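Below is one structure; the comments refer to it alone.
The values are calculated or read from the model by the stated rules, or taken from the named source; none is laboratory data. Because the structure is predicted, anything quoted here is derived from the model rather than measured. Note that each Cβ is placed from the backbone with ideal geometry, even for glycine, and that neighbours are counted across all protein chains shown. What goes into the accessible areas is simple: the full protein's heavy atoms, side chains included, and nothing from ligands, DNA or RNA. Shrake-Rupley method; radii C 1.70, N 1.55, O 1.52, S 1.80 Å.
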Amino acid sequence: MIKTPSDIKEYRKNLKNALGNQFLGTTLDTFASAYPASRENAFAGIDFDALACDIAKAKDEAIPNLEKLLGEFTTKAVRAGVTVHFARTAFEANSMIAQIAKDNQVKRIVKGKSMTAEETFLNSFLEREGYEVTETDLGEWIIQLRGEGPSHMVLPAIHLSRRDVAELFTKVTGEQQDPDDINGMVKVARRELRQKFLEADMGISGANFAISQTGTIGLVTNEGNGRLVTTLPRVHVALIGVDKLVPDLKSALKILTALPRNATGQAISTYVTWITGATECKSAESGRKQMHIVFLDNGRLALSKDPLFAQALRCIRCGACANVCPIYKLVGGHNYGHVYIGAIGLVMTYFYHGLENARAIVKNCLNCQACKKVCPARINLPDLIKAVLRTVYQVEGKKPIRNIMLQKVLADRRLFHFMLRRARFAQKPFAEEGYIRHLPMLFSGEHGFRSLPALAKVPLRDMWERLNPPVENPKYRVALFGGCLIDFVYPEQAEALLRICRGYGVQFEYPMDQTCCGLPAQMMGEKETAREVAIQNLKAVDPARYDYIVTLCASCGSHLKENYIALVAGDSPLAVKVAQLKDKILDFSSFVTRVLGMVPEDFKSAGQKVAYHAPCHLCRGLGVTREPRKLLEISGLEYIKSKDEEVCCGFGGSFSADFPELSAELLRRKLNNAEATGAEVLVTDCPGCVLQLRGGTKKRGGQINVKHIAEVVCDQRKRI
Amino acid sequence: MEYPKVLELMKQRASAVRTVVSEVRSMREVLDYVLDITRKQEGSSVAAPDFCRGSAALAALCEKNGLALLTENLRDHISKISTGLTMARWGIAETATLVVDSTSEDLRIATMLCETHVAVLPKSNIVPDATALQEEMIRMFEAAPRYLAFISGASRTADIERVLTIGVHGPQELHVLVLEADEL
Ligand code: SF4
Ligand code: SF4
């Protein structure tokens with residue numbers, strides 16, 4: 001039985017062990033590095049975003065109607081000779097399948113790969129009932145023999161080395177296996193499993209689609225075991241989650257276009273099998289297969305009616321949300337999910353396998369948005385993860401002390417800013433009281449993998465008037481949304497912005513009632529607090545007053561732009577303001593290149609060599625990728641591309657306090673990649689990333705300088 | 001997209017998954033190809049459950065060359081099938097996919113449990129993508145029971161250290177012979 005720690009200390013111990021597993025680290029890194037290119041190649045000539053929209057739409061049409069689709073499917077399938085069952089719970093599904101086995105005097109069972117059967121722990125159930133069950137997908141067979149669960153939804157044994165497999169097969173066959181002869185080991189499996197196929201009385205499969213229109217199920221496999229499971233034994237049982245119901249073949253083909261491409265970078269999986277009804281089977285007495293389909297609810301129908309979580313049922317189980325997740329890549333699937341792995345696993349574990357299994361893992365998300373970007377069903381995974389976290393707190397009726405602090409402090413801007421000012425003079429006592437690290441962006445020094453910045457002597461708001469003299473006949477009226485870090489830690493980044501724009505007729509304003517954007521609250525599952533500060537900011541920064549609202553912080557920008565809508569939903573005048581705000585928010589580079597239209601003549605030439613780190617909330621959150629790189633070039637800097645530029649630096653706000661060892665490892669890799677370019681400066685466009693990267697390089701005595709893009713561009717700007 | 005462009009696309013996509021696509025002009029050439037490949041691989045039998053047209057010639061050929069010809073009750077010969085020779089209903093160029101109506105059990109066994117699968121694809125039945133077959137597929141599903149297979153290459157796995165390995169359960173090779181329609 002698989003175990004997922006519910007205690008955060010134990011969980012962190014597992015994470016540390018995983019970080020120490022060199023094979024896992026290298027394998028997953030190689031996989032993660034190869035995946036984006038093969039995926040891109042597989043989608044060549046296909047508009048992924050349009051396809052994902054289509055899939056989401058088709059699924060959204062099906063999800064509210066699952067019961068109806070189930071009825072239609074059943075009518076068609078029954079007519080074609082299939083017995084259709086409906087199981088409300090996992091236990092019910094397992095019992096039904098055991099009963100079918102019993103009714104048909106089954107002894108031996110072969111299984112095709114099915115995540116749904118993993119969900120219900122069908123194998124152990126059937127084994128307890130006395131049946132011999134053999135997984136026939138190679139990866140599944142390997143983990144079955146080891147008594148493990150899958151560590152990836154598509155590549156279940158990716159955590160194992162050839163040595164592990166050789167050892168296992170030596171034990172199973174009693175013959176010495178050569179770990180370097182992978183082909184030979186595959187042939188061992190072929191031989192052993194072929195025998196199992198021939199002896200089996202019953203085959204159990206899952207399905208990727210259940211098509212109501214015709215009562216057809218669709219199976220997508222590479223090995224061909226799915227075909228044998230559904231062909232050789234006289235009984236076939238397909239266990240299918242009701243969320244796999246689609247109205248028609250058209251929807252299934254759409255999903256099929258995305259599934260293998262997104263999963264493994266294949267244009268199509270080797271075998272796609274469409275089964276309608278009970279087909280010929282010469283080993284059955286009647287000459288026809290005994291075919292049963294067991295549809296599993298296990299909470300899905302209730303989920304389908306949930307206004308927020310229904311979208312999780314769009315999942316097509318491609319596994320891509322794990323493939324691109326920087327944390328999955330560090331610690332592997334056994335530490336990043338329970339049965340379901342990756343971002344979707346962090347969400348579904350709570351629903352399918354309960355609070356105990358969900359409570360620790362659901363905290364382990366950077367909100368880096370990488371999963372959301374590749375999801376072919378457009379599931380807002382990072383948001384759902386935070387919503388589960390929040391639910392966990394609610395259900396348990398207790399929260400970490402820092403949530404309560406944050407809630408109190410953030411609700412009142414004056415108190416918050418007062419504490420920040422006090423903190424500068426009294427860091428120590430505050431830290432000891434346990435306050436300071438609970439503020440949104442300040443952490444105690446206990447996690448010493450990076451140095452922490454000192455608070456600025458004078459916050460931006462106190463020197464704003466001096467820095468920002470009135471502009472005569474301004475062309476643009478622009479509000480600066482500072483965010484906590486710019487205001488209280490790095491005001492020089494705002495100063496750089498003002499200097500760069502001098503002479504371009506920009507009248508900046510700094511609305512003094514603005515406060516923290518609220519993302520830290522959202523990250524910690526504090527939706528009410530996030531909503532409160534959103535409303536405060538909407539009152540402070542009236543979009544109607546400005547042409548643009550510029551931010552130097554990618555996280556603030558993307559939170560304002562993407563999350564405020566949901567936070568103030570239902571509040572009609574505010575919702576309008578959010579829509580206006582959304583249209584006016586711009587990041588620094590987009591403002592300078594697109595609005596001000598700066599050109600190389602504005603800058604000195606022959607600048608330094610720079611590497612670039614793309615903040616998650618800029619490149620994915622705001623979808624800005626070209627402008628910063630273009631600006632680096634325009635401003636005369638020599639930009640050198642580095643490996644994994646768009647992978648998270650490991651900051652993730654409160655994440656780095658919860659999981660310092662993961663944060664430190666992501667930081668270490670990020671700095672290694674940047675240093676490998678030979679650049680003098682590592683540039684990024686988010687003060688949170690600056691904090692992380694600068695703190696990291698200082699701690700390790702690195703040579704590379706970390707700068708906000710506004711600072712390097714300002715240094716290159718010709719004086720006027 | 002029309003012939004020969006679809007065929008070109010199919011060939012190009014097939015090479016990515018190591019499917020061998022050849023054009024043949026007659027049934028005779030099909031049989032020669034099958035004989036040739038079976039011999040090359042030191043096979044001992046040919047399973048051809050749906051080959052009515054070529055059966056007399058095929059039977060003669062097999063007999064002359066000492067190969068067993070299996071046409072029915074393949075369940076009894078499961079471990080002895082060297083080459084599986086079947087028809088493909090359609091070809092999908094975009095993904096180099098064969099669409100094989102596998103409703104008959106013998107046909108399934110011939111394509112799943114042989115060492116080498118040779119499929120004959122009528123030239124006029126190559127379509128650019130799966131969407132083009134939607135209507136036809138629905139019609140087939142409606143005439144249930146029906147077992148329809150999309151086959152795009154040889155059986156493969158990457159489950160050990162993500163190393164691509166061929167022939168884990170099904171055939172180790174897939175050969176597609178594109179035949180002029182009027183030769184059928
Ligand atoms: S947001 Fe980032 S860290 Fe969180 S699950 Fe998605 S990919 Fe992983
Ligand atoms: S959530 Fe999206 S990316 Fe993750 S497995 Fe499901 S469909 Fe794929």
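Taking both sides together, the accessible area buried where A meets B is about 4800 Å² for a 1.4 Å probe.
Of all beta bridges DSSP finds with both residues in chain A, what is the antiparallel percent, to the nearest 5?
That works out to approximately 20 percent antiparallel.
What's the average, rounded to a whole number, of partner chain beta-carbon atoms within 10 Å of each residue's beta-carbon in B:163-175? All intermediate terms of the calculation are to be shown ahead of the outcome.
Numbers: counts 4, 2, 10, 3, 6, 14, 19, 10, 2, 2, 0, 1, 0.
Whole-number average of other-chain Cβ neighbours for B:163-175 is 6.
Could you work out the percent of alpha carbon pairs in the range A:399-720 separated by over 23 Å, rounded to a whole number? Please list the in-between numbers first.
Working: 28865 of 51681 pairs.
Of all Cα-Cα distances in the range A:399-720, 56 percent exceed 23 Å.
Cβ-Cβ distance of B:D76 and A:K187, R₀ of 22 Å, FRET efficiency by 1/(1 + (r/R0)^6): the value works out to about 0.35.
In the range A:183-205, which residues give up 30 Å² or more of accessible area once the other protein chains are added, compared with their chain alone (1.4 Å probe)? Relative to the lone chain, where solvent access is computed with a 1.4 Å probe, the range A:183-205 loses at least 30 Å² at A:V186, A:K187, A:R190, A:R194, A:L198. In the context of the full set of protein chains, the range B:62-142 has a per residue accessible area of 34 Å² (1.4 Å probe).
Filter the trypsin sites (Lys or Arg not before Pro) in the range A:574-659 to those in DSSP coil with at most 16 other Cβ atoms within 10 Å of their Cβ, and list the result. Let's see the in-between values first.
Values: sites: A:K577, A:K582, A:K584, A:R594, A:K604, A:K609, A:R620, A:R626, A:R629, A:K630, A:K641, A:K643; in loops: A:K604, A:K641, A:K643.
Passing sites in the range A:574-659 are A:K604, A:K641, A:K643.
Principal semi-axes of the equivalent ellipsoid, √(5λ) from the alpha carbon gyration tensor of the range A:473-585, are 24, 17, 10 Å from largest down.
Computed over the Cα atoms of the range B:35-120, pair by distinct pair, the Kirkwood hydrodynamic radius stands at 13.0 angstrom. On the principal axes of its alpha-carbon atoms, the range A:289-346 has extents of 43, 37, 16 Å, going from largest to smallest.
As a fraction of the 1.4 Å probe accessible area of the range A:399-720, surface on carbon and sulfur atoms comes out at 51 percent. At 1.4 Å probe size, with the rest of the protein present, what percent of the exposed accessible area of the range A:64-301 is carbon and sulfur atoms? Taking all protein chains in place, the range A:64-301 shows 46 percent carbon and sulfur surface.
Could you work out the relative contact order of the range A:90-235, using alpha carbon pairs under 8 angstrom and six or more residues apart, expressed as a whole percent?
On the way: 186 pairs, mean separation 38.4, N = 146.
Relative CO of the range A:90-235 lands at 26 percent.
Where the accessible area of the range B:3-183 is counted over protein heavy atoms with a 1.4 Å probe, how much of it, in %, is carbon and sulfur? Before the final figure, lay out the partial values.
Working: 3350 of 7080 Å².
After summing per-atom areas, the C and S share lands at 47 percent.
Structural size metrics of the range A:64-301, computed from C-alpha coordinates, are Rg and Dmax of 17.6, 55 Å.
Accessible surface for chain A, divided over its residues, is 37 Å² per residue with a 1.4 Å probe. Connecting C-alpha atoms closer than 10 Å in a GNM of chain B, tell me which of B:L174, B:L148, B:L98 has the biggest fluctuation. Its mean-square fluctuation being the largest, the pick is B:L148.
What GluC sites (Glu not before Pro) in the range A:190-297 are in a loop by DSSP, with at most 11 other Cβ atoms within 10 Å of the Cβ? Before the final figure, lay out each step's value.
Values: sites: A:E192, A:E199, A:E223, A:E280, A:E285; in loops: A:E223, A:E285.
Answer by residue number: A:E285.
Bridgeable aspartates and glutamates around A:K13 (alpha carbons under 20 Å apart, same-chain partners fewer than 8 residues away excluded): A:E148, A:E356, A:E446, A:D658, A:E661, A:E665. Beta bridges assigned by DSSP with both partners in the range B:3-183 are antiparallel in approximately 25 percent of cases. For the range A:25-109, the alpha carbon positions stretch 50, 37, 24 Å along the principal axes, listed from largest to smallest.
Leaving ligands, DNA and RNA out of it, rank A:F91, A:F508 by accessible area with a 1.4 Å probe, largest first. List each step's numbers first, then the result.
Values: A:F91 140, A:F508 5 Å².
Putting A:F91, A:F508 in descending order of accessible area: A:F91, A:F508.
Judged by the gyration tensor of its Cα atoms, with axes a ≥ b ≥ c, chain A is prolate; a/c meets the 1.5 cut and a/b is the larger of a/b and b/c. For trypsin sites (Lys or Arg not before Pro), the sites in the range A:338-423 that DSSP calls loop and that have at most 14 other Cβ atoms within 10 Å are A:K398.
Can you tell me the relative contact order of chain A? Whole percent, Cα pairs under 8 Å, sequence separation 6 or more.
Working: 1323 pairs, mean separation 86.7, N = 720.
Relative CO of chain A lands at 12 percent.
By the equivalent-ellipsoid construction on the alpha carbon gyration tensor, the range A:234-316 comes out with semi-axes of 28, 20, 10 Å, ordered largest to smallest. Inter-chain neighbour count for A:277-284: the average number of beta-carbon atoms from partner chains within 10 Å of each residue's beta-carbon is 5. Here the contact order of the range A:508-547, divided by its residue count and restricted to Cα pairs under 8 Å and six or more residues apart, works out to 46 percent. Relative to the compact-globule estimate of 2.2 N^0.38 Å, the Cα radius of gyration of the range B:3-183 comes out at 1.00.
Under 18 Å of direct C-alpha separation, and excluding same-chain neighbours fewer than eight residues apart, A:K641 reaches these lysines: A:K609, A:K630, A:K670, A:K707. Helical content alone sets the calculated 222 nm signal of the protein assembly as shown at -13000 deg cm²/dmol, taking -39,500 (n - 2.57) per DSSP H segment of four or more residues and averaging over every residue.
Bin all alpha-carbon pair distances of the range B:97-179 at 10 Å intervals from 0 and give each bin's fraction as a whole percent. Going from the shortest bin to the longest, the percentages are 16, 42, 33, 9, 0.
Averaged over its residues, how many other protein chain Cβ atoms are within 10 Å of peptide B:102-112's Cβ atoms?
Details: counts 7, 5, 3, 11, 2, 1, 9, 5, 0, 3, 8.
Average neighbour count from other chains, rounded to a whole number: 5.
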